[in-house]
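The values are calculated or read from the model by the stated rules, or taken from the named source; none is laboratory data. A quick note: this is a predicted structure, and the numbers were derived from the prediction, not measured. FYI the Cβ positions are ideal-geometry reconstructions off the backbone, even for glycines, and counts take in every protein chain you see. When the accessible area is computed, the model is the full protein with side chains, heavy atoms only, and any ligands, DNA or RNA have been set aside. Shrake-Rupley method; radii C 1.70, N 1.55, O 1.52, S 1.80 Å.
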Amino acid sequence: MALNLRQKQEECIIRMLNLNQPVNSTGTANEDVYKILIFDKFCQNILSPLIHVKDLRKHGVTLYFLIDKDRKPVLDVPAVYFVQPTPPNIQRIVTDASRSLYDSFHLNFSSSIPRPLLEDLASGTLNSDSINRIAKVHDQYLEFVTLEDNLFSLAQKSSYVQLNDPSAGDREIEEIVEKIVGGLFCVLAALAVVPIIRCPRGGPAEMVASALDQRLRDHLLSKNNLFNEGGNFVTSFQRPILCIFDRNFELSVGIQHDFRYRPLVHDILGLKLNRLTVPGEKGGTKSYELDASDPFWVANGSLEFPEVAVEIETQLNKYKKDVDDVNRRTGGTDGAEFDGTDLIGNTKHLMNAVNSLPELTERKQVIDKHTNIATVLLGEIKDRSLDSYAKKENDMIIRGGIDRNDLIGILRGKGTKTDKLRFAIMYLISSESINQAEVEAVEAALRESEVDTSAFQYVKKIKSLNVSLAHANSASRSNIVDWAEKLYGQSISAVTAGVKNLLSNDRQLALTRTVDALMEGRPNPEVDSYLVFDPRAPKSGSGSSHLKGPFKEAIVFMIGGGNYVEYGSLQELVQRQQPAKHVIYGTTEILTGVEFVEQLSLLGQKMGLGNPAPAPAPSTN
């Protein structure tokens, strides 16, 4: 059976809501036991895409609160806490217990609670004479947000900036790597698999892969092993491959405009935790959920926007035809004499019509939802010429350049400041060589539009560094790398190694092509240099001899921010494969193009590059 991360996480949460007892045959917690749910903001975001508020009642949850809100005592009722193991949360739990807010406290931490915090919890409740109220303490290993069956995020903000910050010290880098490793460990614990790990050499990908390998090795030696691949799995279970990359591997995908429905909705309308808010027809706003329960979203998310518009119209016409059909069947026969047989026939049609009403109503709601979303998107596309940006960027990637008049024309045309900045960076990334006069013209056009060029200057610096490396002899190359290490910190090897992947020759992303090659498990010059970590193998023997490809299942993880473009590309790869394969895509955080460019701008500013956007004129009042 294919790995289903969403299902696994949901099962863990329902068991947690059942006070960590086995759930009943219907897959719900015991609703006869009323309970209160307390969570922090991070864990609220974990729950949000998985369990709707209306479903909490099914699991016996009558009230739910954020941990940092003031709460009144509720006697004779157990409380389920689901929080991160942090000092403020531990202190709040101790305070709640000392005030006897609830009958018993079932504490669930999103990841393993460090021993010092566990000791703080024990001493705090002992000193306040409330330790008897602590029923159980559980490490849940759920510190990740599952958005779809095959899509997850660690919700770790600004990791790209932190890992590429030239002023970051070794200790700071190690802390970020450790945090990413902790999140990935939780994902693997939820799936109960120990994968074979592959990654490019150097940079954050190798650091995370190496630390995760050690973490898994240490855990496999412990008595309470979370990874039981025994039983009926001994003969049939084939381990998955975990492919780890960092954002510099293919920088362009985080920046480019895409014209497919799912990436457009995320990038332009700000889809967050599967929820979206758009302007309503008569003022105000409308909120929608876009997840696996929406058949139109699932079926059409990967289509280009014009195809989606056609599909909405097709679905609307089909709906109207079905409604007319129901009306015709229940309307009786005009002018016919009424008799008993007609009554029986009409009653039967009426019952069928009544039974079909909920399904028709649901279909209409879905059509209305996507009509509204598409209307708002269309307005943005027209106002900002987003179709032109997407087409020209794609042409640049394929051709390795753009006509100068086209380039300057777009930068002086429609679009937000960030649209123009993203386009300018895509020009830099996709150009095979840098034309200094052209670059200066681009910078002048950006300044005309009062665009902060810090991100542009940062990418230009990386690009010039890559060109220098490509042409340098071995002696001067080592000097450049020494300089680069000081300039860019730990991740320089990944930045320079990723130069080949800044553009792909066709529609298939470099990431997708590489994952395909890694899953094949055959000799391939593109991936032969990739490191192999097998946590189940002796450390000295962790080499290619342990690669028993092809792999049926892969987990692809992008450090420094991922997006729906990469997710969609990997799912398309899976659909093309015979026999069927399965890929889960995860990232430190899911970023829109705007959010990622903001991180590039921040790095540019930290390095003293670019011109920050002009400050507003001082008030004369």
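From the residues in region 261-288 that are open to solvent by 40 Å² or more (accessible area, probe 1.4 Å) and in contact (Cβ under 8 Å) with a residue 24 or more places away in the chain, which one is farthest from GLN315 (Cα to Cα)?
Going through the qualifying residues, I end up with LEU273.
Cβ-Cβ below 7 Å, separation at least six or inter-chain, first residue in region 373-387 and farther than 20 Å from GLU313 by Cα, second among the acidic types (Asp, Glu) and in a helix (DSSP H, G or I): which pairs?
Listed pairs, sorted by first residue: ARG384/ASP419; LEU386/GLU380.
Every residue in region 575-590 that is open to solvent by 10 Å² or more (accessible area, probe 1.4 Å) and touching a residue at least 60 places away in the same chain (Cβ under 8 Å), please.
Result: LYS581, HIS582, GLU589, ILE590.
Name the one entry in SER601, SER540, SER545 that is modelled with pLDDT of 90 or more and not in a loop (DSSP other than H, G, I, E, B).
SER601
What's the total number of residues in region 157-204 that are touching a residue at least 60 places away in the same chain (Cβ under 8 Å), among the β-branched types (Val, Ile, Thr) and closer than 23 Å to THR146 by Cα?
Adding up the residues that qualify gives 6.
Taking region 422-455 as the region of interest, how many residues are open to solvent by 10 Å² or more (accessible area, probe 1.4 Å) and part of a helix (DSSP H, G or I)?
9
Only one of VAL181, VAL177, VAL187, VAL94 is assigned to a helix (DSSP H, G or I), at pLDDT 95 or above and more than 30 Å from LEU518 (Cα to Cα). Can you tell me which?
VAL94
Would you be able to say whether some residue in region 552-559 is assigned to a helix (DSSP H, G or I), crowded, with 16+ Cβ neighbours inside 10 Å, at pLDDT 95 or above and of a type outside the set (Lys, Arg)?
No, region 552-559 contains no residue that is assigned to a helix (DSSP H, G or I), crowded, with 16+ Cβ neighbours inside 10 Å, at pLDDT 95 or above and of a type outside the set (Lys, Arg).
Given the structure, is VAL77 under 16 Å from PHE65 (Cα atoms) and surrounded by fewer than 17 Cβ atoms within 10 Å (Cβ to Cβ)?
Here the answer is yes, as VAL77 does meet what is asked.
Name the helices (runs of 4 or more DSSP H) wholly inside region 1-83 in which the number of residues that are hydrophobic (A, V, I, L, M, F, W, C) is 3 or more.
So the answer is 5-17, 41-47.
Six or more apart or on different chains, Cβ atoms under 6 Å: show the pairs whose first residue is in region 556-574 and in contact (Cβ under 8 Å) with a residue 60 or more places away in the chain and closer than 19 Å to LEU271 by Cα and whose second is open to solvent by 10 Å² or more (accessible area, probe 1.4 Å) and hydroxyl-bearing (Ser, Thr, Tyr).
Going by the 6 Å Cβ cut-off, the qualifying pairs are GLY568/SER302.
Which of the numbered conditions does ALA205 fail, given that it passes all the others? Conditions: (1) out of contact with any Asp or Glu (no Cβ under 6 Å at 6 or more places or on another chain); (2) open to solvent by less than 10 Å² (accessible area, probe 1.4 Å); (3) not in a loop (DSSP other than H, G, I, E, B).
(1)
What pairs can you find where one residue is in region 84-102 and in contact (Cβ under 8 Å) with a residue 24 or more places away in the chain and of a type in the set (Ser, Thr, Tyr), the other is part of a loop (DSSP other than H, G, I, E, B) and open to solvent by less than 50 Å² (accessible area, probe 1.4 Å), and their Cβ atoms are less than 7 Å apart, with a gap of 6+ or different chains?
SER98/SER128; SER98/SER130; SER100/SER130; TYR102/VAL74; TYR102/VAL77
Residues in region 119-135: is at least one part of a helix (DSSP H, G or I) and within 22 Å of THR514 (Cβ to Cβ)?
No, region 119-135 contains no residue that is part of a helix (DSSP H, G or I) and within 22 Å of THR514 (Cβ to Cβ).
How many residues does region 190-213 hold that are among the polar types (S, T, N, Q) and either modelled with pLDDT under 95 or over 22 Å from LEU163 (Cβ atoms) (or both)?
The qualifying residues number 0.
Does region 43-77 hold any residues that are within 25 Å of ARG115 (Cα to Cα) and not β-branched (Val, Ile, Thr), and which are they?
Residues satisfying the conditions are CYS43, GLN44, LEU66, ASP68.
I'm trying to understand the selection: among the residues of region 136-174, which are within 22 Å of the chain's Cα centre (by Cα) and in a loop (DSSP other than H, G, I, E, B)?
GLN140, TYR141, LEU142, GLU143, PHE144, ASP149, ASN150, LEU154, ALA155, GLN156, LYS157, SER158
State yes or no: is PHE152 aromatic (Phe, Trp, Tyr) and either more than 30 Å from LEU121 (Cα to Cα) or open to solvent by 60 Å² or more (accessible area, probe 1.4 Å) (or both)?
Spelling it out, PHE152 is indeed aromatic (Phe, Trp, Tyr) and either more than 30 Å from LEU121 (Cα to Cα) or open to solvent by 60 Å² or more (accessible area, probe 1.4 Å) (or both).
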